[in-house]
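Novice: Input: one structure, supplied below.
The values are calculated or read from the model by the stated rules, or taken from the named source; none is laboratory data. Not measured: the values here are computed from a predicted model. Every residue, glycine among them, receives a Cβ derived from its backbone with ideal geometry; neighbour counts consider all protein chains shown.
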Amino acid sequence: MTIRDSEADDFVSGYDASINVPKIIRKKRLTTPELAVDYLSDALLAGPLQEEVRSRIIDYMDGRVDEEKFRGAMWLVIVSPDFQRN
Amino acid sequence: MAITRRNFLRRSAITAVGLSFASPLLQTSAFGSLRQGRGGSKLNLSNKVIVAVNLFGGNDGMNTVIPLNQYARYYQLRPTIHIPTDRALVLQNAPDYAFNPGMTALHALYGQGKVAVINGVGAPPDAYGLFDHEASQYMFQSSDITGSASATVPSGWIGRYLDHVQEGIVTAGVNLGGGELLLRGIDREALSIGSIDQFQVQPGFDGEARKAAYNDIMAIPAAAGGVAERNRMLRESAIEQSAIVRERTAGYEPSVEYPADNYLGDSLRQCTQLLTADLGVRALAVGYDGYDTHASQEDGRNDTQLGYHSVLMRDVSDAIGAFQADLVGHGIAQDVILLVFSEFGRRPEENNDAGTDHGYGSVGFVVGETVHGGVYGEYPNLNEDRLVLDGNVDVTTDFRSVYSEVLAEFIGTDPVPVLGGTFPALGFL
C-alpha cells in the first residue's frame, strides 16, 4: 500500500520528469476537470472510477486544468481504492 | 513518457525495494494484518519490550571491543587502524578487553552492570550467504540460516514472537529503520515509519487540498468484500492509527537530553516516546548505517579526535546511554531490553585502503536493567592457525543463543517455536 503511495507521489511530483503535463493537456484537449479526470481514469485504471470518487477528484481540481491540479488528480487516482481493483 | 497504468506499475516495480519508509508522503507502511491475525493462543501478556539496534554494513568487532590480551597480534594485523591502548576504555573487572574510545557512555553503563558484551557472535560456518550484506541481514533478522524461507514469505524472529502477544492500540512491532523483516510475523505485519512526525498523509505540492480530497475519497465505501474496499479500509485504519499515535505521543518529554545530530539517538528517543504512550508496542527496530568500512576506517583520527568508525561507535554509545537514562527517568527501564547486532564482522587484517573487508565473527551487546553485566562468549583467537574460512575471525557464539536467551529469560516464552531449535544460554539474563 505504502510503496504504491510513495511511488505515486514520486510519479506525479517530478516536475523535471518525463511526463510532459502541459503537452498532454494540450494534445488531449483536456479543457475541463471532468475531461482530465476521465482521461486519467482511462489511462491509469483497469476498471471504472467510482462515480463518487470521480466527483471528489473533479471538485479537488477546483475548475482548473493546470499542471499542479492535473498532477494532484493523477495522484488521487493512483492512491484511490479503485486502483487496487485490477 | 505517457501516463499509463503500465508505466506507473513498471516504474514502481523498478524502485520499490527499500521504499517502505523512505517517502515523506504516507509513512504508514504496513498495517496489513492489524487486528486480523489468525488468532491463535496469546502466549505472552507481559509488558516486556525488545529494542533491536541494527548496525548496517557489518560492524568491525575487533575495533569495537579491543582484545588487550592479544594486543601484539591485533597490532600486527592492523598497523594503521588499531586502537591505541592509551585511548581504549578498559572494562571494569574484565581487563583483557577494552571498548572503542568513542564508547564512553556504554562503558559507563558497563560499569553499572547493565551491559553484556557478547564475544565472537555470528552464524554457523555452513550458514547461507556469509559475507553477503543482504543474505546476512536476512539471516540475522529472520534467524533462518538456510536461506530457504527467503524464497517464500519470510518472517522475522521477533515478528514470530509478536504474533502471539496481546494486541494493543497499534501494532506490537514498530520499525523505525532497523529492518522491517525483523518484526514481521507470520500472522501479523509490523508498522514501518520514518518517524512519528511523518506518520501521516503529507502530500507535497497542493498539500491541504490534496489531503482533504484524499481523506474524503478514503471515506467513500467501495463494493463490499472486494479488493478495493479492503484496500480502502486498510488505508482508513492507517490514517486513524497515525492520528492516535501522534495524539498519544504528543505529551512526551524526554527526561534527559539526547545527543544532538545523532540519528540513532533521535530514533531511540522516538522509541521512548512510543513506549511511554502505552500503545501496546512490544518491539522496536532502529538502525545506524555506515559500517561497511572498506576504506579509511579511522580517517580523521588524531591525538584528540576520533576516527570515522570510532565516531560511529560514539554515536551508538551516546544514543544508547541517553535512551537508557530516559527509560529510567520514565520508570520503564525494567521492562526494556536492547540488543545491538550487525550482519557480520570484518576481516582481522586491515587492507591496503586502511579499511577492513567483509568478515565473519563480530561482537554484540545486550543492554538493560535486568542484564547481568559482563563479558560472555570466548573472544576469538587471532593467531593465524585459529582463523577460519579463509583467514577470518571465528564465530564462538551462535547469534541465535542471544535471541533464545532473550526470549526465554527476559520475555518468558518458549524460544523453540520462534527459533526452530534450542541454543545454549550464555547467562547474561
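Novice: Looking only at segment B:204-239, filter to residues that are of a type outside the set (Gly, Ala, Ser), in contact (Cβ under 8 Å) with a residue 12 or more places away in the chain and more than 7 Å from every other protein chain (Cβ to nearest Cβ); which one of those is nearest to A:ASP66 (Cα to Cα)?
Specialist: Result: B:ASN215.
Novice: Check segment B:42-55 and report whether any residue there is closer than 23 Å to B:ASP353 by Cα and at pLDDT 95 or above.
Specialist: yes
Novice: When you check B:ALA277 against the structure, is it more than 14 Å from every other protein chain (Cβ to nearest Cβ), small (Gly, Ala, Ser) and buried (at least 21 other Cβ atoms within 10 Å of the Cβ), yes or no?
Specialist: In short, yes.
Results for (1) of a type in the set (Ser, Thr, Tyr); (2) at pLDDT 95 or above; (3) within 18 Å of the chain's Cα centre (by Cα), shown as yes or no for each residue.
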| site | (1), (2), (3) |
| --- | --- |
| B:GLU343 | no, yes, yes |
| B:ASN351 | no, yes, no |
| B:TYR360 | yes, yes, no |
| B:VAL367 | no, yes, yes |
| B:THR370 | yes, yes, no |
| B:LEU389 | no, yes, no |
| B:SER404 | yes, yes, yes |
| B:PHE423 | no, yes, no |
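Novice: Any idea which residue in segment A:66-78 is nearest to the chain's Cα centre (by Cα), counting only those that are over 10 Å from B:ALA213 (Cβ atoms) and surrounded by 19 or more Cβ atoms within 10 Å (Cβ to Cβ)?
Specialist: The selected residue is A:MET74.
Novice: Residues being part of a helix (DSSP H, G or I), under 16 Å from the mean Cα position of the chain (by Cα) and among the hydroxyl-bearing types (Ser, Thr, Tyr): count how many of those fall in segment B:284-341.
Specialist: Total satisfying the criteria: 1.
Novice: Additional query: Filter segment B:132-175 down to the residues that are aliphatic (A, V, I, L, M) and modelled with pLDDT under 90, then identify the one that is nearest to B:PRO415 (Cα to Cα).
Specialist: Top of the filtered list is B:ALA149.
Novice: Any chance you could count how many residues in segment B:342-390 are outside any loop (DSSP other than H, G, I, E, B) and buried (at least 21 other Cβ atoms within 10 Å of the Cβ)?
Specialist: Number satisfying all stated conditions: 9.
Novice: Out of the residues in segment B:49-79 that are among the aliphatic types (A, V, I, L, M) and in a helix (DSSP H, G or I), state the one that is nearest to B:GLY377 (Cα to Cα).
Specialist: Among those residues, the one meeting the criterion is B:MET62.
Novice: Got a sec? Which helices (runs of 4 or more DSSP H) wholly within segment B:144-258 have at least 3 residues that are out of contact with any strand residue (DSSP E or B) (no Cβ under 8 Å at 6 or more places or on another chain)?
Specialist: Where helices (runs of 4 or more DSSP H) fall fully within segment B:144-258 and carry at least 3 residues being out of contact with any strand residue (DSSP E or B) (no Cβ under 8 Å at 6 or more places or on another chain), they are B:207-218, B:227-249.
Novice: Further, regarding this structure: Under 19 Å from B:GLY179 (Cα atoms), out of contact with any Lys or Arg (no Cβ under 8 Å at 6 or more places or on another chain), assigned to a helix (DSSP H, G or I) and not polar (S, T, N, Q): does that describe B:ARG269?
Specialist: Yes: the conditions hold for B:ARG269.
Novice: Small (Gly, Ala, Ser) and more than 14 Å from chain A (Cβ to nearest Cβ) - does that describe any residue in segment B:251-259?
Specialist: yes
Novice: I'm trying to understand the selection: among the residues of segment B:78-92, which are surrounded by 20 or more Cβ atoms within 10 Å (Cβ to Cβ) and of a type in the set (A, V, I, L, M)?
Specialist: B:ILE81, B:ILE83, B:ALA88, B:LEU89, B:LEU91
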